[in-house]
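One structure is given here, and the rest of the page talks about it.
The values are calculated or read from the model by the stated rules, or taken from the named source; none is laboratory data. The structure presented is a predicted model; accordingly, all values stated were derived computationally and were not measured. Neighbour counts run over all protein chains shown; Cβ positions are idealised from the backbone, glycine included. With ligands, DNA and RNA removed, areas are computed over all heavy atoms of the protein, side chains included. Shrake-Rupley method; radii C 1.70, N 1.55, O 1.52, S 1.80 Å.
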Amino acid sequence: MLADRLAVVTGRPARHLGLALPELRDPAPDWTAWRHQSQPGCRRCDARHGGGPVQRLLPHHHYVCTRHRYWIGPPDAGQPPTRLHDRVGDQIVAAQHRHNQLIAHYGAAAVFDAVLTGFLICGHFWTQWPQRDRTTAAVRQWEQRARWLIPPGSESTTYSTSLLFAAVYPEAVSLATLITDPVWRQRAYGDTAGQRVFLTEAHRRLGRNVPDLNDKRADPIRHWMIFDSHRPPSRPDKTFPETREYGATRPANPNSASRERTQREAGWFAVKRCGGSSILHHRHVRPVLARDWATQMAGMTATISASASLSDYGGIRAREYDRLHVAIGEHAAPTMGLASFV
Ligand SMILES: [Zn+2]
């Protein structure tokens, strides 16, 4: 076996090598709990490694080094982690602690889905279409945090979409605490009274007035309640072994196309100072943007718009999904129903 041969060559036990190279672990780790791409870790944590720059494969929930207050975030075109400004550090570090508690309580799969859903909801409310959203108090906080994270005038050197995720991270985690909680989840898909309680609380957390349940306008929170709250958590759309990086001898360099896209987005952000659209287009939210049961739309713009819409666009895929998964007993509710007949 490769790990044993390497152990002989390096003189280190295979178990130790597995700590540095997760591909060598036996049994293999649960790759769905890990990101599919390696990235630079916290600069200060990595400084003790004498062998040059360190690439880390991190679990999904690792967004902040809480010890050194570096934002690590989702990988973004080879950008290094950023030291958090004191004016925003406390809230973002506190959110990482809450995030870790959620993991301890509900496990990696449920929390992966919930935090990404939180990012998706924040991304929708932080857009400028059709005009700046003045009805969401949280938007002002995101703009404020973005001023410390990406100071106006410095966008060409400090911009990264990863930092926009940092700006909304406290609210994304706050929404995730509702989304992971089975009692709140049940309200979200329960009777009208329960739905109203959920809707009020979720909107309150973003400083929004509660929409009327008869209002048919797009709303990412209501979209989640109607289409997603009663279905299982969405999973990562790619795992590390499915990438070219897996087993490669050197990390992949960010390609020039993604560098160019970052430059374009930096220019756009310098003008608009609004981060929602970049968050919604970032591949980090992809697993919850187009879920397994969502109607497939033509193109990114339609997919994003559908992810906040209250229309099911036919719902054929959702019915097919439910038929298949109820048939193999994946849904908790029908299984419990059957058990009570036995
Ligand atoms: Zn650190």
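Farthest toward the positive end of the dipole of the chain, out of 180, 193, 230, is the Cα of 180, where the dipole comes from beta carbon charges about the Cα centre.
In loop segments of the stretch 62-116 as defined by DSSP, the trypsin sites (Lys or Arg not before Pro) with at most 16 further C-beta atoms inside 10 Å of their C-beta are 67. Placing +1 on the Cβ of every Lys and Arg and -1 on the Cβ of every Asp and Glu, with no other charges, gives the chain a dipole of roughly 900 debye about its Cα centre. Could you tell me the calculated FRET efficiency between residue 98 and residue 320, based on Cβ-Cβ distance and R0 = 30 angstrom, to the nearest 0.05? In this case the efficiency is close to 0.25.
Measuring nothing but how far apart in sequence close Cα pairs (under 8 Å, 6+ apart) lie, relative to its length, the stretch 175-287 scores a relative contact order of 20 percent. Look at the dipole of the chain built from charges on Cβ: of 243, 75, 266, the Cα furthest out on the positive end belongs to 266. Maximal additional length on extending the residue 12-residue 157 stretch stands at 48.0 nm, based on 0.36 nm per residue less the C-alpha distance.
In this structure the chain gives 54 Å² per residue of accessible area when probed at 1.4 Å with all protein chains present. Measuring nothing but how far apart in sequence close Cα pairs (under 8 Å, 6+ apart) lie, relative to its length, the chain scores a relative contact order of 19 percent. Round to a whole number: what % of the accessible area of the stretch 69-176 belongs to carbon and sulfur, probe 1.4 Å? After summing per-atom areas, the C and S share lands at 52 percent.
Under 15 Å from a label point set 7 Å out along the Cα-to-Cβ vector of residue 258, the amide N atoms of the stretch 151-167 belong to 160-163.
Taking every DSSP helix (H) stretch of at least 4 residues in the chain, weighting each as -39,500 (n - 2.57) and dividing the sum by the residue count yields a mean residue ellipticity at 222 nm of -15500 deg cm²/dmol. By the rule of a second cysteine Cβ within less than 4.7 angstrom, the chain holds isolated cysteines at 122, 274. Taken along the Cα-to-beta-carbon direction at a fixed 7 Å, the label points for residue 68 and residue 238 span 2.7 nm.
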